[in-house]
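The values are calculated or read from the model by the stated rules, or taken from the named source; none is laboratory data. Nothing here was measured: the structure is a model prediction, and the numbers come from that model. Methodologically, a virtual Cβ is constructed for each residue, glycine included, from the backbone with ideal geometry; neighbour enumeration extends over all protein chains shown.
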Amino acid sequence: MTHLRRLIPYLKRYKKKLFIGFIVITFSAIFTNLIPFVISKAIDQIRDNAEFHTLYKYALLTVSFAAMSGIFLYLTRQTIIVVSREIENDLRNDFFGHILIQDQQYFHFHPTGDIMALATNDISAVRNFLGPGIMYTAETCINFTMAISLMISFNAELTLIAVVPIPLISYVVYRIGKSINYKFERVQEQFSDLTTKAQENLSGIKVVKAYVREESETANFRKLSLEYMKKNLDLAKVQSFSYPMMFLLTGFSVIIVLYIGGNKIINGEMSIGELTAFIIYLGLLTWPIISLGWIINLTQRAEASMKRLIEVFDHKPEIEDDPVLVKEYFKDAPIKGSIEFRNVNFRYDESLPYVLKNISFEINAGETIGIIGHTGSGKSTFVNLIPRLFDIEEGSILVDGIPLRGIPLSRIRTSIGYVPQETFLFSDTIENNIAYSEKSFNKDKVIEAAKISQIYKDVNSFPKRFDTILGERGINLSGGQKQRASIARAIVSDPAILILDDAFSAVDTYTEEEILNGLKDIMKGRTTILISHRVSTLKNSDRIIVLKDGSIAETGSHDRLIQQNGIYADIYQKQLLEEELKEL
Amino acid sequence: MKDQQTKNTKEQVKLPEEPVNLIKEPDDLEQEEVLGKAYDSRLMKRLIKYLKPYSKWVFLAIFLTVGVALLSTIRPYLTKIAIDSYIVNKDPIGLRNIILILLGTLVFQGLVQYIMTYLTQWIGQKTIFDLRMELFKHIQKFSMSFFDKNPVGRMVTRLTNDIEVLNEMFSSGIVMVFADIFIIGGILFFMFSLSWQLTLIALSVVIPLIYTTIIFRKKVRIAFRDVRYYLAKMNAFLQEHITGILVVKIFNKDKTTLEDFKKINYDHTKANKKSVLYYSVFFPVVELIGAISGGLIIWYGGGKAIEGAITIGILISFIQYSEMFFRPIRDLSEKYNIMQTAMASSERIFKLLDRKASIRDPKNPAEFTDCKGNIEFRNVWFAYVKENYVLKNISFNIKQGEKVAFVGATGAGKSSIMNLLLRFYDIQKGEILIDGINIKDIKQSDLRKNIGLVVQDIFLFSDSITNNISLNNDNISEEKIKDCAKIIGIDHFIDKLPLKYLQNVKERGVTLSQGQRQLITFARALAYDPRILILDEATSSVDTHSEILIQNAIDKLMEGRTSIIIAHRLSTIQKCDKIIVMHKGEIRETGTHYELIEMGGIYSKLYQLQYKETFAGNG
């Protein structure tokens, strides 16, 4: 229960509601337990040939007790179960809040699927413990006390006999439940293997067909399918067993009570009404007995899930504001946009090789810098360090002469307009996507940005224009359109620093030129970093950096680099050739 | 005696509200979105066909349900006898005997119930296994154009989730419907035989109960649909923002994102609370209806008992019967949902099964046993999408044993030629001949057995190296696999792996380089020893060591085979007998390396662009 203890602060938030919940559940149980008592009295009255007109009293009492119990049961669910839903809600908010502040690094090691599983399955497991778990525990405790004390008032000896199998039943339920869980997990694993196999077979269908392996693939799939069936039947064996087992055990105790109770009646030690009440009480106890085993399982699972959740809650991000440094350096002046890299070495992990090696470079505010280099030469890493997506350990990066860590994260990030290499748009309207970074929404600016990035015409061609929803439930933009929308998003907020990481790769050269022309005005007085494979994108930059294997190989203006006749010149010539080929 | 089973199951009905397991839930979403009819005789007839091989067992299962129904409904009756005949008449021996009978029926029912439950599960599992295999085999037959158009995920869903839904129908749907109906019948039978007046009085609450249940089901279904809707929305939001976390961070939006999430999360919570509300009302109401029935029995039945018209035993057994009666009614309404989803799933599955593969084997296939490897394209026109030709009037001739390189810019149509030769697609105009036979007249398997394909995007199965080379072909001996690995030059690397040839290539910790992965696919092609080799060289750069290995391996692969190569390496091209230059779907130049260089056409430009050594580091 150590991990579940972390839920106490959440429970405290709803202590009033929970307190009411416990009160009403007590009342509900009291009324439920009074019904058999009434019935027993009624039957004894009937046996004693009471007056017919007294019977309606018992009938009315039964119904009104049931009604009272029902009202309280309603209130119980409306308090305890509702609270569990509220806590689930709070827990999920806190969880996602924690996920959001994690470093980029965290997401490299935790696939989206794993995080999703935590947010859904594990939080649900915890809620199952909080809602049904708590409710049934309370109900069980009260029912037990009530029913057993009423039973003892009828006949202590018979109570003892009836109660003996109870721990056994709880234990059996617990064991069966555990076994079912275990087998169910195996079934799930096999199911995911089966899914993976189907997925793999269909993804590699070309190889399968080319080598005429349809039959052996089918045989393989058959093997997994058979195994899946076996695991399912394994589970079915326990599951089919669990139900008969439970009613056998409870049925036994009822029949024994009937036998011993019947003999007691024959001997005049007990009345038929009391026996009936006994049997009804046993029925009332069945569910609590069963739920006891069930609750233990529920708790164990919640405990395991909570442990996984706590791992997230306790995982502190490394990239955070450093209050000391911020206080020391930050004067709350707007960012102008000069950037300096001083002997920066960077690797993603200690076990991995360096991606950037001894990078020193100064970018003046307002300058336009182009970066070119092969895949893996460190271009994206270079620009990712500026908004502190990763922190460096060796060397330093300064913006406006202030070390990066001395600037609040929110300030540096809002000062950068960034077009990431992999275009990512949200499944929201085009307007909301472009205005993503805008604090105070201004439609004119959105339109302006859309015009500069050459997406305006495209948007206007959609029936719903800027209200067009993107993504699965809306329309799919082409790669080029996505990039242009992403450019609009970056420039809409007037950032001091503009970073375009290969932002034109899916845009044709003509449109690229249009966008660059439009950007010209925007780039004035703004630090701009352009990453591209294409010389045409970069050639008008003030300076161009050629990265090779994480180091700066060449720097200078287009003309100077051409003169140098190095890597850059080589790339340039090839691209000219490519153009020529296209013309053919 | 109060029947325990009633109480158990009544309470178990509560469980679905508190889903113990949510693993499957996200997948259930789509399925339940489109609910239609709960019964479609056309679909049902087809589904029943799958039960045919197990008809004996199905009948046994139905027979057993009758047994269970009888055994579970007889016990209140026996209790009545115990009370009236023995307890009231003070007959301890009779009481003992009837108790033994009661115990007997209890144990027997437990046994029968166990067998029945397992049997229905078994039938369900067997049936869906058959169906799954049929579907899998069927999907394998589709031509490549089908796979181009249909995302893999969708077919995987058919094979897994949709079929899983049918399992539920087969194992807990059909047979259990019989069980419920039999139990209702059994209860009515005993009740009426005990006292028809009291039966009518006690069951007067059944109509309001059914009514309440129907309303509740309807409400809950809508509430759950809302829950699922918001859950899907929430999951989509999570998924999207975790995937796009970079954008969230770069634009400093973590706080607003959290605010947005809180709203969606609370919508989900609200929807859940609504379903909680329905349950909070439903369970007390059902219990109240039960209590009313109990009250009526006491009032009316009690009166009758005082008059001596009925016995106390009858009265007690009636209290039990009336409680037993409610469960099957509620169960039946639940089955409705199962059937509804099952119909929707089976509709989707059958739709896929009814689809015919577009490329089929000829009715009278030509004899094609001894392939020599002469290839001819005659005025071939081909388009993936109507009229949008990617190959225009292509004609060429490749003789047995010849090595031909295809070069051209991306999109020139090189890969299409390979796809056509394997008959992954059918051409619109012209003819493709191998050894003078039109490939449409050859059985697909005969054709493909003679062609070895190595594609650029390397595909390895998550299986051992052995199986990745042999592709589970038993005709390829372990010896041969090792020989091939040796010839290709990857044996040293494999020997260094912890499990050597049995090493799973996708296991965590085993990282094969791009070059090594490619060599494995080379070994695969070599092991199949095809007459015709089609090789699409990978463009991605590999380290120098692998580069040498790959070049040697390509030489070995081409030896003695008709080879068609989409070449990216100068070294490969120079070894070829002929180079065919493709441009925009047409053949523009043909000749040897030197002839083409001299021509100064497309090839000479391509050569400078792609094959001349670029700056250091780019292999």
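Determine whether the stretch A:146-159 contains at least one residue that is buried (at least 17 other Cβ atoms within 10 Å of the Cβ) and not in a helix (DSSP H, G or I).
Looking for residues that are buried (at least 17 other Cβ atoms within 10 Å of the Cβ) and not in a helix (DSSP H, G or I), one finds at least one in the stretch A:146-159, hence yes.
Does the stretch A:176-194 contain at least one residue that is of a type in the set (Ser, Thr, Tyr), part of a helix (DSSP H, G or I) and either at the interface with chain B (Cβ under 7 Å from one of its Cβ atoms) or more than 35 Å from the chain's Cα centre (by Cα) (or both)?
In the first step, residues of the stretch A:176-194 are kept if they are of a type in the set (Ser, Thr, Tyr); the result is A:179, A:182, A:192.
Next, only the ones that are part of a helix (DSSP H, G or I) stay: A:179, A:182, A:192.
This time we only want the ones that are either at the interface with chain B (Cβ under 7 Å from one of its Cβ atoms) or more than 35 Å from the chain's Cα centre (by Cα) (or both), so: none.
No: the stretch A:176-194 contains no residue that is of a type in the set (Ser, Thr, Tyr), part of a helix (DSSP H, G or I) and either at the interface with chain B (Cβ under 7 Å from one of its Cβ atoms) or more than 35 Å from the chain's Cα centre (by Cα) (or both).
For the stretch A:559-584, give me each residue that is touching a residue at least 60 places away in the same chain (Cβ under 8 Å) and not hydrophobic (A, V, I, L, M, F, W, C).
Scanning the stretch A:559-584 gives a single hit, A:568.
If I go through the stretch A:561-580 residue by residue, how many of them are of a type in the set (Asp, Glu) and under 18 Å from residue A:542 (Cα atoms)?
Going through the stretch A:561-580, the residues of a type in the set (Asp, Glu) turn out to be A:570, A:578-580.
Imposing the further condition that a residue be under 18 Å from residue A:542 (Cα atoms) reduces the set to none.
Qualifying residue count for the region: 0.
Please tell me if residue A:559 is assigned to a helix (DSSP H, G or I) and away from chain B (no Cβ under 14 Å).
Numbers: assigned to a helix (DSSP H, G or I): yes; away from chain B (no Cβ under 14 Å): yes.
It is true that residue A:559 is assigned to a helix (DSSP H, G or I) and away from chain B (no Cβ under 14 Å).
Results for (1) of a type in the set (Lys, Arg); (2) over 22 Å from residue B:444 (Cα atoms); (3) assigned to a loop (DSSP other than H, G, I, E, B); (4) in contact (Cβ under 8 Å) with a residue 12 or more places away in the chain, shown as yes or no for each residue.
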| residue | (1), (2), (3), (4) |
| --- | --- |
| B:340 | no, yes, no, yes |
| B:344 | no, yes, no, yes |
| B:347 | no, yes, no, yes |
| B:356 | yes, no, yes, no |
| B:359 | no, no, yes, yes |
| B:367 | no, no, yes, no |
| B:381 | no, no, no, yes |
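Can you find even one residue in the stretch A:249-265 that is in a helix (DSSP H, G or I), more than 7 Å from chain B (Cβ to nearest Cβ), among the hydroxyl-bearing types (Ser, Thr, Tyr) and surrounded by 18 or more Cβ atoms within 10 Å (Cβ to Cβ)?
Yes: the stretch A:249-265 contains one or more residues that are in a helix (DSSP H, G or I), more than 7 Å from chain B (Cβ to nearest Cβ), among the hydroxyl-bearing types (Ser, Thr, Tyr) and surrounded by 18 or more Cβ atoms within 10 Å (Cβ to Cβ).
Which of the residues that make up the stretch B:202-229 are of a type in the set (Ser, Thr, Tyr) and surrounded by fewer than 19 Cβ atoms within 10 Å (Cβ to Cβ)?
Step one: of the stretch B:202-229, the residues of a type in the set (Ser, Thr, Tyr) are B:204, B:211-213, B:229.
Of everything in the stretch B:202-229, those that are of a type in the set (Ser, Thr, Tyr) and surrounded by fewer than 19 Cβ atoms within 10 Å (Cβ to Cβ) turn out to be B:204, B:211, B:212, B:229.
Kindly indicate whether residue A:240 is within 44 Å of the chain's Cα centre (by Cα), assigned to a helix (DSSP H, G or I) and facing chain B (nearest Cβ under 9 Å). Before the answer, list the steps.
Values: within 44 Å of the chain's Cα centre (by Cα): yes; assigned to a helix (DSSP H, G or I): yes; facing chain B (nearest Cβ under 9 Å): yes.
The answer is yes for residue A:240.
Wholly within the stretch B:562-612, which strands (runs of 3 or more DSSP E) include no fewer than the required count, namely at least 3 residues that are at pLDDT 85 or above and outside the structural domain of residue B:534 (by TED's automatic domain parsing)? Spell out how you get there, then give the answer.
Numbers: elements: B:562-566, B:578-583, B:586-591.
It comes to none.
Check residue B:534 against each of (1) out of contact with any Cys (no Cβ under 6 Å at 6 or more places or on another chain); (2) more than 22 Å from residue B:407 (Cα to Cα); (3) at pLDDT 85 or above and name the one condition it does not meet.
(2)
I'd like to check which helices (runs of 4 or more DSSP H) are fully inside the stretch A:92-145 and have at least 3 residues that are in contact (Cβ under 8 Å) with a residue 60 or more places away in the chain.
Numbers: elements: A:104-109, A:112-117, A:123-128.
Because the criterion is at least 3 residues that are in contact (Cβ under 8 Å) with a residue 60 or more places away in the chain, the helices (runs of 4 or more DSSP H) in the stretch A:92-145 that meet it are A:104-109, A:123-128.
Could you check the stretch B:106-206 for helices (runs of 4 or more DSSP H) lying wholly inside it with 3 or more residues that are in contact (Cβ under 8 Å) with a residue 40 or more places away in the chain and closer than 29 Å to residue A:204 by Cβ?
Values: elements: B:144-149, B:152-157, B:163-168, B:175-194, B:196-202.
Fully inside the stretch B:106-206 and qualifying: B:144-149, B:163-168.
Given the condition modelled with pLDDT under 85 and closer than 16 Å to residue A:531 by Cα, answer yes or no: does some residue in the stretch A:342-358 qualify?
yes
Would the stretch B:327-347 turn up any residue that is at pLDDT 80 or above, surrounded by 20 or more Cβ atoms within 10 Å (Cβ to Cβ) and within 14 Å of another protein chain (Cβ to nearest Cβ)?
Among the residues of the stretch B:327-347, not one is at pLDDT 80 or above, surrounded by 20 or more Cβ atoms within 10 Å (Cβ to Cβ) and within 14 Å of another protein chain (Cβ to nearest Cβ), which makes the answer no.
Name every residue in the stretch B:363-389 that is surrounded by 12 or more Cβ atoms within 10 Å (Cβ to Cβ), within 35 Å of the chain's Cα centre (by Cα) and not assigned by TED's automatic domain parsing to the domain that holds residue B:437, in order of residue number.
B:365
Which of the strands (runs of 3 or more DSSP E) contained wholly in the stretch A:332-392 include at least 3 residues that are in contact with a helix residue (DSSP H, G or I) (Cβ under 6 Å, 6 or more places away or on another chain)? Spell out how you get there, then give the answer.
On the way: elements: A:339-346, A:356-363, A:368-373.
It comes to A:368-373.
I'd like to know if the stretch B:294-302 contains one or more residues that are aliphatic (A, V, I, L, M), over 19 Å from residue B:217 (Cα atoms), assigned to a loop (DSSP other than H, G, I, E, B) and within 12 Å of chain A (Cβ to nearest Cβ).
Of all residues in the stretch B:294-302, those aliphatic (A, V, I, L, M) come to B:296-298.
Among the residues that remain, those that are also over 19 Å from residue B:217 (Cα atoms) are: B:296-298.
Applying the additional criterion that residues be assigned to a loop (DSSP other than H, G, I, E, B) yields none.
Checked against the condition, which is being aliphatic (A, V, I, L, M), over 19 Å from residue B:217 (Cα atoms), assigned to a loop (DSSP other than H, G, I, E, B) and within 12 Å of chain A (Cβ to nearest Cβ), the stretch B:294-302 yields no hits at all.
Out of B:316, B:289, B:264, report the one residue that is under 27 Å from residue B:70 (Cβ atoms), more than 8 Å from chain A (Cβ to nearest Cβ), among the aliphatic types (A, V, I, L, M) and in a helix (DSSP H, G or I). Before the answer, list the steps.
Numbers: B:316 fails: more than 8 Å from chain A (Cβ to nearest Cβ); B:264 fails: under 27 Å from residue B:70 (Cβ atoms).
Step by step, each of B:316, B:289, B:264 is checked, and only B:289 is under 27 Å from residue B:70 (Cβ atoms), more than 8 Å from chain A (Cβ to nearest Cβ), among the aliphatic types (A, V, I, L, M) and in a helix (DSSP H, G or I).
Of all residues in the stretch B:445-482 being polar (S, T, N, Q) and either in a strand (DSSP E or B) or in contact with a Pro (Cβ under 9 Å, 6 or more places away or on another chain) (or both), which is surrounded by the most Cβ atoms within 10 Å (Cβ to Cβ)?
We begin by selecting, within the stretch B:445-482, every residue polar (S, T, N, Q); these are B:445, B:450, B:456, B:462, B:464, B:466-468, B:470, B:472-473, B:475, B:477.
Restricting the remaining residues to those that are either in a strand (DSSP E or B) or in contact with a Pro (Cβ under 9 Å, 6 or more places away or on another chain) (or both) gives B:450, B:464.
Values: B:450: 22, B:464: 17.
Here the residue is B:450.
Which numbered condition in (1) in contact (Cβ under 8 Å) with a residue 24 or more places away in the chain; (2) assigned to a loop (DSSP other than H, G, I, E, B) is the only one that residue A:463 fails?
(1) is the only condition that residue A:463 fails.
Kindly indicate which of B:66, B:58 is within 26 Å of residue B:163 (Cα to Cα) and at pLDDT 85 or above. Don't jump to the end; show me each part of the working.
Working: B:66 fails: within 26 Å of residue B:163 (Cα to Cα).
The match here is B:58.
The rows are residues; the columns are (1) closer than 29 Å to residue A:193 by Cβ; (2) of a type in the set (Val, Ile, Thr); (3) modelled with pLDDT of 85 or more; (4) more than 35 Å from the chain's Cα centre (by Cα).
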{"residue": "B:467", "(1), (2), (3), (4)": "yes, no, yes, no"}
{"residue": "B:493", "(1), (2), (3), (4)": "yes, no, no, yes"}
{"residue": "B:498", "(1), (2), (3), (4)": "yes, no, no, no"}
{"residue": "B:545", "(1), (2), (3), (4)": "no, no, no, yes"}
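Out of B:443, B:506, B:500, I need the residue that is over 30 Å from residue B:375 (Cα atoms) and within 14 Å of chain A (Cβ to nearest Cβ). Which one? Talk me through it step by step, then tell me what you get.
Working: B:443 fails: over 30 Å from residue B:375 (Cα atoms); B:500 fails: within 14 Å of chain A (Cβ to nearest Cβ).
Exactly one of B:443, B:506, B:500 is over 30 Å from residue B:375 (Cα atoms) and within 14 Å of chain A (Cβ to nearest Cβ), namely B:506.
So which residues in the stretch B:236-271 are of a type in the set (Val, Ile, Thr), free of Cβ contacts under 8 Å to residues at least 12 places away in the same chain and surrounded by fewer than 20 Cβ atoms within 10 Å (Cβ to Cβ), if there are any at all? Steps first, answer last, please.
From the stretch B:236-271, those of a type in the set (Val, Ile, Thr) are B:242-243, B:245, B:247-248, B:250, B:256-257, B:264, B:269; that's our starting set.
Remaining after also requiring free of Cβ contacts under 8 Å to residues at least 12 places away in the same chain: B:242-243, B:245, B:247-248, B:250, B:256, B:269.
Answer for the stretch B:236-271, where residues must be of a type in the set (Val, Ile, Thr), free of Cβ contacts under 8 Å to residues at least 12 places away in the same chain and surrounded by fewer than 20 Cβ atoms within 10 Å (Cβ to Cβ): B:243, B:256.
Within the stretch B:179-194, identify whether any single residue is under 30 Å from residue A:230 (Cα atoms) and more than 10 Å from chain A (Cβ to nearest Cβ), and answer yes or no. I'd like the intermediate steps shown before the answer.
Let us first name the residues in the stretch B:179-194 that are under 30 Å from residue A:230 (Cα atoms), namely B:179-180.
If we keep only those that are more than 10 Å from chain A (Cβ to nearest Cβ) as well, we get B:179-180.
Yes: the stretch B:179-194 contains one or more residues that are under 30 Å from residue A:230 (Cα atoms) and more than 10 Å from chain A (Cβ to nearest Cβ).
Does residue B:233 satisfy being closer than 30 Å to residue A:388 by Cβ and free of Cβ contacts under 8 Å to residues at least 40 places away in the same chain?
On the way: closer than 30 Å to residue A:388 by Cβ: no; free of Cβ contacts under 8 Å to residues at least 40 places away in the same chain: yes.
No: the conditions fail for residue B:233.
Considering every residue within the stretch B:237-253, establish whether at least one is among the small types (Gly, Ala, Ser) and either more than 33 Å from the chain's Cα centre (by Cα) or more than 7 Å from chain A (Cβ to nearest Cβ) (or both).
No, the conditions are met nowhere in the stretch B:237-253.
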